[in-house]
Amino acid sequence: MAPPRPKATPRITGETAALELERPLTVGISPTRPFSAHFHSPEGMILLREPPDLIGFFAGNLGSLFMEDVFSYVLSGIRSGQLIVQHGAMRRTVTFRDGQVVFATSTERYERLGTALVQLGLLTSDQLTLAVSLVTPTRRIGQVLTSEGIVSEANLYNAMTFLVREVVLNLFEMMEGSFLFLEAQAPVSDVVKLPERTKDLVIQGIKRGEATNRLRRQFPDDLRVRVGKGGFPPGEEALAAKARPGVALKELRAAYEGSLHAFFTWVEERVRGQSLVVEPEAPPPRPKPPTPEELMASERLNPEERYNLLLSLVYRAVEEMGKDVGMFQGFLKSPPAGLEDAYASVLLDKEGRVDVEQIRRNVACGDEALSRALTLEALDAFVSYALFSAQNVLPKDLADQLALTYRALQEGLT
């Protein structure tokens with residue numbers, strides 16, 4: 001379950017009003033940099049720190065629009081400006097000029113310039129550490145690398161082009177998050193020329209998103225893996241150590257430096273090469289069949305109690321399989337036609353039994369024999385429904401045993 005979103009609460013006193021923000025919403029906000037409010041009252045309000053050349057904005061979330069829809073908006077209008085996409089602490093920003101991507105940045109460690117240079121083999125980890133130590137507020141990492149002669153201007157530009165492209169492509173693996181496009185004048189600095197047009201980049205992004213979703217289904221978060229007989233290449237020692245005793249992919253993902261697509265591709269390759277082995281899933285707990293004591297005791301019960309016992313046995317079997325027992329409540333909320341009055345105000349207890357006395361009261365008609373027959377008919381309908389629904393989630397032999405018990409109960413009443 002997603003954590004609750006922080007709230008902004010209006011406080012109105014007399015002729016004045018204030019907007020009270022919870023702490024997570026105040027990151028990066030300063031009293032000296034006011035916002036402009038765009039009202040959509042009473043449904044909402046958007047606050048924007050508008051640059052002087054702001055033309056317009058487009059905002060939403062990835063639950064209602066796909067990333068290709070957002071890019072289509074920018075491309076179709078040949079727009080310039082910045083697209084900011086955020087999910088939790090992760091933030092990616094893409095800059096457009098006349099509908100074409102010219103720059104991109106990210107808060108993810110694996111989407112930083114230094115990481116890209118190391119990944120491309122243009123820099124060693126030790127050289128990167130040295131360069132980072134020389135960075136100052138007025139001297140960026142790129143300036144340090146070129147001025148110190150560690151990386152050439154050409155290699156720096158190639159790495160930046162590679163990084164911008166990767167940041168954009170990784171946007172298409174996002175299933176959650178919010179976006180804001182600020183349309184403004186075309187930027188004149190910090191621009192790169194990508195090897196393909198943005199339209200072609202979007203097509204590649206869609207394919208990457210589809211591949212990520214396929215791999216996500218193949219390797220779910222709770223899938224457990226461990227080290228196999230295949231070896232790991234140099235540089236993956238930490239990942240191998242984490243996987244050695246057996247680990248869920250969700251935990252292994254936290255130790256991997258890279259995008260979701262890169263991680264799942266890595267898992268697929270390591271499983272294929274037997275560096276990682278998928279651990280067999282533990283079989284679901286097998287429900288206990290009715291005990292001989294329960295079955296013998298049922299012979300000493302009256303028919304109503306036997307129906308209720310059988311209903312409880314089916315309920316318990318479904319519950320012990322770890323399945324949703326809501327189907328039983330569903331019957332009570334919407335009984336079959338003709339049984340609405342019989343099951344009015346009837347509840348199911350935690351053992352899966354119904355209030356037989358309430359059913360008797362509901363169907364009472366002054367004739368004791370007829371009232372009892374109507375009670376048994378109502379109970380029989382519920383047990384029949386429970387067995388029919390449960391056969392899809394119970395092992396066949398157990399479902400068959402419960403069905404035989406039900407048949408014996410019916411035959412004993414005829």
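Shown for L123, L134: other C-beta atoms within 10 Å of each C-beta, ranked fewest to most, produce the order L134, L123. What's the FRET efficiency of A369 with D221 using the Cβ-Cβ distance as r and R₀ = 60 Å, to the nearest 0.05? Efficiency at R0 = 60 Å is approximately 0.55.
In terms of other Cβ atoms within 10 Å, E173, E268, E251 run from fewest to most in the order E251, E268, E173.
The lysine pair tally for the chain, using Cα distances under 17 Å and a gap of 8 or more places or different chains, is 8. For T375, neighbours were defined as the other residues whose beta-carbon sits under 11 Å from its Cβ, and their charges (Lys and Arg +1, Asp and Glu -1) total -2. One chain, two ends: A17 and R407. Fully extended at 0.36 nm per residue, the span grows by 133.3 nm beyond their Cα-Cα distance.
Normalised by residue number, the volume inside the convex hull of the Cα atoms of the chain is 246 Å³ per residue. In this Cβ point-charge picture (+1 for Lys and Arg, -1 for Asp and Glu), the chain has a dipole of about 1440 debye about its Cα centre. Kindly identify the range 292-413 as rounded, prolate or oblate by the Cα gyration tensor criterion: order the square roots of the eigenvalues as a ≥ b ≥ c, call it rounded if a/c is under 1.5, otherwise compare a/b with b/c, prolate if a/b is larger, else oblate. In terms of gyration-tensor shape, oblate.
When K207, K229 are arranged by Cβ crowding within 10 Å, least crowded first, meaning fewest neighbours, the order is K229, K207.
Rounded to the nearest 20, the Cβ-based charge dipole of the range 219-278 about its Cα centre (Lys and Arg +1, Asp and Glu -1) stands at 240 debye.
Label-to-label distance, S30 versus R139, with points set 7 angstrom from Cα along the beta-carbon direction: 2.4 nm.
With contacts defined as alpha carbon pairs under 8 Å and 6 or more residues apart, what's the relative contact order of the chain in percent? For the chain, the relative contact order is 11 percent.
Candidates F58, V346, N392 compared by Cα position along the dipole of the chain: farthest toward the positive end lies F58, with charges placed on Cβ. Report the Cα centroid-to-centroid distance between the range 315-393 and the range 94-111 in angstrom, as an integer. Their Cα centres are 60 Å away from one another. In the chain, taking the dipole from charged Cβ atoms about the Cα centre, the farthest positive-side position among V277, M90, L313 is held by M90.
Bear in mind that the values in this text are calculations on the coordinates, not laboratory data. Please read these numbers as outputs of a predicted model, since none were measured by experiment. Counting neighbours? That spans all protein chains shown, and the Cβs are built from the backbone with ideal geometry, glycine included.
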